[in-house]
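> Here's a structure for you.
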Amino acid sequence: MKKLTLNPEAKRAICNGICLLDRNHFSDLQLTDGWAHLYDKDGTFLALAYFSKQHKGIGWVVSKQPITIDQSFFESLFLKAWEKRQIYHQSGHTTAYRIFNQDGDGFGGLTVDYYQGQLVFSWYNSFVYSLRDQIITAARAVLPDIVAAYEKIRFQGLAFESRQIFGPAGIDRLVIKENGVAFDVFLNDGLMTGIFLDQHEIRGLLVDGLASGKSVLNMFSYTAAFSVAAAMGGARATTSVDLAKRSRDLSRAHFEANQLDVSDHQFVVMDVFEYFKYAKRHQMRFDLIILDPPSFARNKKQTFSVAKDYHLLVSQSLDLLAEGGTIIASTNASNVTLEKFKQQIEKGFGKQKPVYFGTYRLPDDFQINKKDESSNYLKVVIIRA
């Protein structure tokens with residue numbers, strides 16, 4: 001067990017409830033995977049943590065007490081997490097949701113998603129991956145009815161991204177329900193599954209009438225999950241735009257799962273900025289435009305960053321928005337606060353004034369660390385010009 005002394009900034013962060021460790025919190029740190037006890041300069045114990053480099057941060061605080069981490073510890077975490085999601089377990093309308101969400105459920109570097117009796121474990125660093133057997137065994141002890149599980153590797157160093165952990169072969173492609181809408185998902189094909197579960201509340205708004213009678217433009221559409229929800233909520237037409245060629249077939253699969261006639265629903269494989277130009281030339285207008293880009297993207301012509309460039313999406317959308325139209329502006333960029341996101345939106349509106357009709361963050365199944373704003377990464381704003 002390593003023993004490390006924190007600088008005053010790190011002590012303040014941990015005492016304030018921040019669990020994600022930053023390299024700047026330590027001086028002359030030789031980073032190696034493993035457990036550590038953290039102390040202040042006076043020798044007072046502050047926390048049990050583990051170190052392991054990942055996309056963000058270098059490790060996680062696990063406990064403010066010097067506890068033993070064993071299978072019973074993980075069983076206790078999973079049991080508490082499962083009990084928090086009772087509203088989802090009892091729902092007949094939604095069969096896929098998150099059941100464990102990093103430090104929001106007491107252990108950073110790990111998420112677990114539930115897909116209709118199957119689990120998807122996501123490992124965000126090599127150390128939590130080294131605990132996988134203990135974690136999986138604990139999950140199976142708490143959830144004995146799980147029929148299969150898969151894992152996603154979200155750190156560098158292994159030769160695969162996704163694989164099955166246990167269960168019969170051939171059940172990784174299935175149709176789940178969300179807000180009563182069917183979605184065709186795939187659990188063992190790369191890092192994605194065909195749906196982003198954190199957006200289920202927004203898709204629920206579309207199903208419940210936000211899109212009723214409207215023409216919908218869905219930019220960065222991926223598998224067109226927003227478009228399907230809009231169609232099931234009475235949208236008269238949808239257009240889904242994504243640069244990935246595979247997106248068209250994956251999008252159609254969702255529509256087919258709901259027996260929807262696709263004659264009024266278009267799937268366009270094109271760069272979104274090129275599509276903005278195309279639609280403007282053809283004087284197209286849409287009643288509802290959905291903007292949910294990746295935090296950062298690059299193609300042959302340009303790069304895009306939510307923090308710097310989101311306003312361009314908004315300004316281009318205004319040229320295509322019908323009178324009285326609505327924009328759903330969304331980002332999952334944890335480095336962009338809600339205040340900065342709204343600044344980007346307002347910059348895109350220019351001299352116009354946006355009218356905010358609703359602001360949404362992560363849904364309840366995506367439990368957050370309430371002491372760390374960055375853990376509540378999703379920001380969705382509904383706007384009218």
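The values are calculated or read from the model by the stated rules, or taken from the named source; none is laboratory data. Note that this is a predicted model, so its numbers are computed, not measured. As a convention, Cβ positions derive from the backbone with ideal geometry for all residues, glycine included, and neighbour counts pool all protein chains shown. When the accessible area is computed, the model is the full protein with side chains, heavy atoms only, and any ligands, DNA or RNA have been set aside. Shrake-Rupley method; radii C 1.70, N 1.55, O 1.52, S 1.80 Å.
> Which residues, taken from segment 25-60, are small (G, A, S) and touching a Lys or Arg at 6+ places or on another chain (Cβ under 7 Å)? It would help to see each step written out before you state the result.
Pass one, segment 25-60, residues small (G, A, S): 27, 34, 36, 43, 47, 49, 52, 57, 59.
Answer for segment 25-60, where residues must be small (G, A, S) and touching a Lys or Arg at 6+ places or on another chain (Cβ under 7 Å): G34, A36, A47.
> Is there a residue being open to solvent by less than 50 Å² (accessible area, probe 1.4 Å), in contact with a helix residue (DSSP H, G or I) (Cβ under 7 Å, 6 or more places away or on another chain), in contact (Cβ under 8 Å) with a residue 60 or more places away in the chain and farther than 20 Å from L243 by Cβ anywhere in segment 349-363?
yes
> Do you know which residues across segment 131-156 are more than 21 Å from K56 (Cα to Cα) and either open to solvent by 70 Å² or more (accessible area, probe 1.4 Å) or in a strand (DSSP E or B) (or both)? Can you show your working first?
Residues of segment 131-156 that are more than 21 Å from K56 (Cα to Cα), as a first pass: 133-150.
Across segment 131-156, the qualifying residues are D133, R140, P144, D145, V147, A148, A149, Y150.
> Return the only residue of A159, A229 being over 19 Å from M270 (Cα atoms), among the small types (G, A, S) and assigned to a helix (DSSP H, G or I). Talk me through it step by step, then tell me what you get.
On the way: A159 fails: assigned to a helix (DSSP H, G or I).
Unique residue meeting the criteria: A229.
> From the set of residues in segment 260-290 that are in contact (Cβ under 8 Å) with a residue 24 or more places away in the chain and charged (D, E, K, R), which is nearest to V241 (Cα to Cα)?
So the first thing to find is which residues in segment 260-290 are in contact (Cβ under 8 Å) with a residue 24 or more places away in the chain, and the list is 260, 264-273, 275-276, 279-280, 284-290.
Now narrow it down to the ones that are charged (D, E, K, R): 264, 271, 280, 285, 287.
Values: D264: 15, D271: 8, K280: 15, R285: 15, D287: 16 Å.
Across segment 260-290, the extreme among qualifying residues is D271.
> Take the conditions surrounded by 20 or more Cβ atoms within 10 Å (Cβ to Cβ) and within 20 Å of the chain's Cα centre (by Cα) and apply them to H254. Does it pass?
On the way: surrounded by 20 or more Cβ atoms within 10 Å (Cβ to Cβ): yes; within 20 Å of the chain's Cα centre (by Cα): yes.
So H254 passes the test.
> Right, next: Return the total of residues in segment 173-186 being in contact (Cβ under 8 Å) with a residue 40 or more places away in the chain and surrounded by fewer than 23 Cβ atoms within 10 Å (Cβ to Cβ). Even if it seems obvious, please write down each step before you answer.
Filtering segment 173-186 for residues in contact (Cβ under 8 Å) with a residue 40 or more places away in the chain gives 174-185.
Keeping just the survivors that are surrounded by fewer than 23 Cβ atoms within 10 Å (Cβ to Cβ) gives 174-175, 177, 179-180, 182, 184.
Within segment 173-186, residues that are in contact (Cβ under 8 Å) with a residue 40 or more places away in the chain and surrounded by fewer than 23 Cβ atoms within 10 Å (Cβ to Cβ) number 7.
> Only one residue in K371, K379 is in contact with a strand residue (DSSP E or B) (Cβ under 7 Å, 6 or more places away or on another chain), charged (D, E, K, R) and either crowded, with 21+ Cβ neighbours inside 10 Å or over 24 Å from D287 (Cβ atoms) (or both). Which one? Lay out the reasoning, then the answer.
On the way: K371 fails: in contact with a strand residue (DSSP E or B) (Cβ under 7 Å, 6 or more places away or on another chain).
Answer to the check: K379.
> T68 fails exactly one of the following numbered conditions: (1) farther than 25 Å from V185 by Cβ; (2) among the polar types (S, T, N, Q); (3) in contact with a Gly (Cβ under 9 Å, 6 or more places away or on another chain). What is the number of that condition?
(3)
> Moving to a separate point now. Looking at E201, E161, which is the one that is touching a Pro at 6+ places or on another chain (Cβ under 9 Å) and either on the phi < 0 side of the Ramachandran plot or surrounded by fewer than 19 Cβ atoms within 10 Å (Cβ to Cβ) (or both)? Can you show your working first?
On the way: E161 fails: touching a Pro at 6+ places or on another chain (Cβ under 9 Å).
Only one candidate passes the filter, namely E201.
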